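Notes follow once the structure below has been shown.
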2 protein chains.
Amino acid sequence: MEKCNVALYGCGTVGRGVAEILLGHQAGITRSIGRGIRLACVVDKRVDELRKLPLLAGIPICSDLEAPINDPEIDIVIELIGGMETAGNITEKALKAGKNVVTANKALLANRADALFKLARQRGRSIGFEASVAGGVPIIATLRDSFVAETISSIFGIVNGTCNYILSRMTDEGVSYPEALAEAREKGYAEADPTLDVEGHDSAHKLAILARLAFGINVTDNDIYCEGISHINPADIAYAGSLGYKLKLLAIGRIKDDGVELRVHPTLLHRNHPLAVVDNSINAVCIHGQAVGEVTLTGLGAGAEPTAGAVVADVCRMALGVYQEDFRLLPVFGGTETIHCIPQEQIETKYYFRLSCMDRAGVLARVAGVLGEHNISIDSCIQQGRAHQDSGYVPVVFMTHRVKEENLLNALREINSLECIDGAESVMLRVAEI
Amino acid sequence: MEKCNVALYGCGTVGRGVAEILLGHQAGITRSIGRGIRLACVVDKRVDELRKLPLLAGIPICSDLEAPINDPEIDIVIELIGGMETAGNITEKALKAGKNVVTANKALLANRADALFKLARQRGRSIGFEASVAGGVPIIATLRDSFVAETISSIFGIVNGTCNYILSRMTDEGVSYPEALAEAREKGYAEADPTLDVEGHDSAHKLAILARLAFGINVTDNDIYCEGISHINPADIAYAGSLGYKLKLLAIGRIKDDGVELRVHPTLLHRNHPLAVVDNSINAVCIHGQAVGEVTLTGLGAGAEPTAGAVVADVCRMALGVYQEDFRLLPVFGGTETIHCIPQEQIETKYYFRLSCMDRAGVLARVAGVLGEHNISIDSCIQQGRAHQDSGYVPVVFMTHRVKEENLLNALREINSLECIDGAESVMLRVAEI
């Protein structure tokens, strides 16, 4: 069979990882799949810098975005530029020019999957996106292929390695959020501008992609409630620990009778939950299927090598000609339904909250009174020691039974306005019931 | 598209699970995959019993093994009869008659995969076997598709739910092996004759299938060192626990410079290892790929529903026509290499052993002397308290550094023959270095 020609757009860390696999394991790949894959060119604006890399010796490098797309020899375009505008244009043009596209771009897919997938289908081409969620963890293939006949009721997971690393450090060492973030930067786990990661947007992008596949629904990240970890105080991680819980940033999608819940937020998980032991930069996704029960996939969620491995797996299956049919059959086509996204205030779960209470008689009674009025019942409560002389306030921690978020928020608003409570210090976290 | 006609051979618990999904979710399956799947007939010797099941009302049931195979209307044969002889014949005849076959029969595949896969390939047909390993956990699809371009260096896991349940009970409750086995029987986790499970043969069957896919090598379960759990004493689980380890029955496949290690045995796993928290009847498999790193898949390994879900997933992908190409491309064809299986005495790992030592001065020195002569160095040692008056012996527990199994066995043989040691009471367990 003729070699399959690949153009690599974007040669940062993941791009170089892809080049390393394609160039370093040519013989192995050819042996495995029975067809050679040729890295035909690299497209990147850092032409001079890349020309110095021994890795890319002999590979044409250019900054012209159009030429490879218009080259009839190119079969597959790998889009690793990131961002929305340019990456979206390249993907569109490549599909229109008859190329298959492999991308790791979750932001692009979270926002424009519907249009791009439709375009690909019209042109008889495909988009490979295994690398867009959880790096080397084959969650896309599993949802697409192995769960083809399953009714999936929920999908949730830890899909951002940066946040998981930061929370792990805060949990294990008791360090503050800024300290843990600085460490994550040092280790290369966090970008110079970490906003996309730490505010939960990256997780929301991934949840949009997962929910589309798992539930066959048409969603973008705008449909997802999103709360990050930058406001987390290590004190709450410690209190949660003493109650038997660990704090994780979870992306949660659940089918309910009246629609779908889609949310990203810091979540207390019981320490016996399989995801509670997923620490550092590891990712993990749980899928609940009606027949197969709960299946969990765990592995490296980021990093050049795992992500590059996922890109190359898609490239190989495209080169083999087997991916195109898998893509054509994605449940996001045809059956794509618009579904009611349940507003965050309407969800029901358990809650953790910490109040800063004046250290005097009757305060707890007043708090309990407000909670009772809002039908909130308490599962457990921690109050340790007396107030420091200088503040006069003591932290009191509550864990509720199941309650509607609206009720909880209304009650907290009322409690925070009590003159015996320092409302500015109140903290609320959701507890997983999954 | 025309409906896809399926003949179901064997209607025990898994078979009924398959019938339930195919009959109960017809509309959903048709919507998902765009093609109907019809349960055309059930083949089972318990015809009268099955005719009474409301589930199978209207479905032809017969005990004639030949008729459905010779029926040109049948597209797919699901083989859930189990055992080797009849199941092998049915599979062979079905393939020769131009049917695709889906099977959950690990014993059959562990022994005859090479011949059956070749036959299927010659006839342009395929064998689906996702259900043969770890039930609903999509480990076969992951190895086949997502790891197509990976160099896999090791695969290991907990692939027998019965053993994992028994060991979990012995660990959590300190009960003896016979008590835990009785519980497993009561809960339906163990067969009347549990030999295949508890002696490790079932795990070895599954390892043969996994190693074939992961490493592209031609192995049967005869190539696998196999040791079960029926000799395990809860005392050793407790000692291991105090050293920070948990006992699991692991199936391990590892590529080494001089061949491949294939072994099933009770293994001490450090409590921080991801598999250490996989308890009860849950299965989990870890794969180490050169690019993607370690990926772990966890889920229900047995039970009617998960296994049936995996069967139906294969059936659906065959009905869609996408599975045939995946099967054709399995690395077990063409590249199939015979590889040197490293004899168990030649493996190197850490070891745990417990000796029953006479409670008198100089005994430890003699043991240490023998260990030293065999170049075995000790990582840790536990001796608690003095001997009971009636026995005069005390248990002493050792954990070694890395050593060749041959050396360890020679040393133990020598130690067991010392007159100050009750050799009949000695216990040796391997410690995972994975």
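The values are calculated or read from the model by the stated rules, or taken from the named source; none is laboratory data. In this text the structure is predicted, and so the values were computed from the model without any measurement. A quick note on method: Cβ atoms are made from the backbone with ideal geometry, for glycine too, and the neighbour counts reach across all protein chains shown. All accessible areas refer to the heavy atoms of the entire protein, side chains included, with ligands and DNA or RNA removed. Shrake-Rupley method; radii C 1.70, N 1.55, O 1.52, S 1.80 Å.
Below, the figures for the structure above:
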read-out	value
Protein-protein interface of region A:11-38, residues with accessible area decrease of at least 30 Å², isolated chain reference, 1.4 Å probe	A:His25, A:Ser32
Spin-label model distance (nm) - A:Val175 vs B:Lys52, 7 Å beyond Cα toward Cβ	6.8 nm
Overall form of region B:1-109 per C-alpha gyration tensor (a/c, 1.5; a/b vs b/c)	oblate
Accessible solvent surface per residue of region A:1-64, calculated while the other protein chains remain in place, 1.4 angstrom probe, Å²	50 Å²
Principal-axis tilt of helix A:161-173 within chain A, Cα atoms, nearest 10 degrees	40 degrees
Coordinate range along principal axes, alpha carbons of region B:272-413, Å, largest first	74, 35, 26
Reach of A:Lys93 by Cα under 19 Å, taken over lysines that are not fewer than 8 positions away in the same chain	A:Lys45, A:Lys106, A:Lys118
Within chain B, helix-based [θ] at 222 nm, where runs of 4 or more DSSP H residues each add -39,500 (n - 2.57), nearest 500	-10500 deg cm²/dmol
Cα-based reach from B:Lys96 at 13 Å (exclusive), listing aspartates and glutamates while leaving out same-chain residues under 8 positions away	B:Glu66, B:Asp71, B:Asp75
Inter-label distance for A:Ser426 and A:Asp258, nm, one decimal - labels placed 7 Å from Cα along Cα-to-Cβ	2.4 nm
Label point 7 Å beyond Cα along the C-beta direction, distances from A:Gly28 to other copies (nm, shortest first)	4.0
Length-normalised contact order for region B:1-129 - Cα pairs under 8 Å, 6+ apart - percent	24 percent
Kirkwood hydrodynamic radius of region B:142-301, from inverse mean 1/r over distinct Cα pairs, in Å	16.0 Å
For chain B, convex hull of alpha carbons as volume per residue, Å³	148 Å³
Three-way shape label, region B:245-329, alpha-carbon gyration tensor, a/c 1.5	oblate
Inter-copy spacing of B:Asp257 label points, which lie 7 Å from Cα along Cα→Cβ, given in nm from shortest upward	6.5
Across the identical copies, how the A:Val175 labels are spaced - nm, sorted shortest first, 7 Å along Cα→Cβ	4.6
10 Å binning of all Cα-Cα separations within region B:181-225, expressed as whole percents from 0 upward	28, 37, 24, 11
Amide hydrogen neighbours beyond the local backbone of B:Cys4, cut-off 5 Å, H modeled	B:Gly36, B:Ile37, B:Arg38
Protein accessible surface hidden between A and B, which excludes ligands and nucleic acids, total in Å², probe 1.4 Å	3100 Å²
Other protein chain Cβ atoms within 10 Å, averaged over every residue that makes up A:147-154	6
Degrees, to the nearest 10: A:405-416 long Cα axis against longest axis of chain A	50 degrees
Rel. contact order, % - alpha carbon contacts under 8 angstrom, at least six apart, chain B	16 percent
Among A:Glu49, A:Glu261, A:Glu227: highest mean-square fluctuation, GNM of chain A, C-alpha pairs under 10 Å	A:Glu49
Value of relative contact order over region A:159-277, rounded to a whole percent, pairs C-alpha under 8 Å and six or more apart	26 percent
Fraction of accessible area attributable to carbon and sulfur, chain B (%, probe 1.4 Å)	47 percent
Per residue value of the accessible surface for region A:148-300 (all protein chains in place, 1.4 Å probe), Å²	33 Å²
Tilt relative to chain B, helix B:363-373 - C-alpha long axis, 0 to 90 degrees, to 10	60 degrees
Centre separation in Å (Cα based) which lies between region A:187-214 and region B:206-260	37 Å
Residues losing 50 Å² or more accessible surface upon assembly, region B:274-312, compared with the chain by itself, 1.4 Å	B:Ala291, B:Val292, B:Thr298
Region B:196-250 shape via C-alpha gyration tensor axes, a/c threshold 1.5	prolate
Kirkwood Rh, angstrom, the protein assembly as shown [1 / mean 1/r, Cα pairs]	29.3 Å
Dipole moment magnitude, nearest 20 debye, region A:267-373 about Cα centre, only Lys, Arg, Asp, Glu C-beta charged	400 debye
At 0.692 mPa s and 37 °C, Stokes diffusion of region A:336-434 via Kirkwood alpha-carbon radius, µm² per second	228 µm²/s
Cα→Cβ-extended label distance, 7 Å offset, between B:Lys404 and B:Thr151, nm	2.6 nm
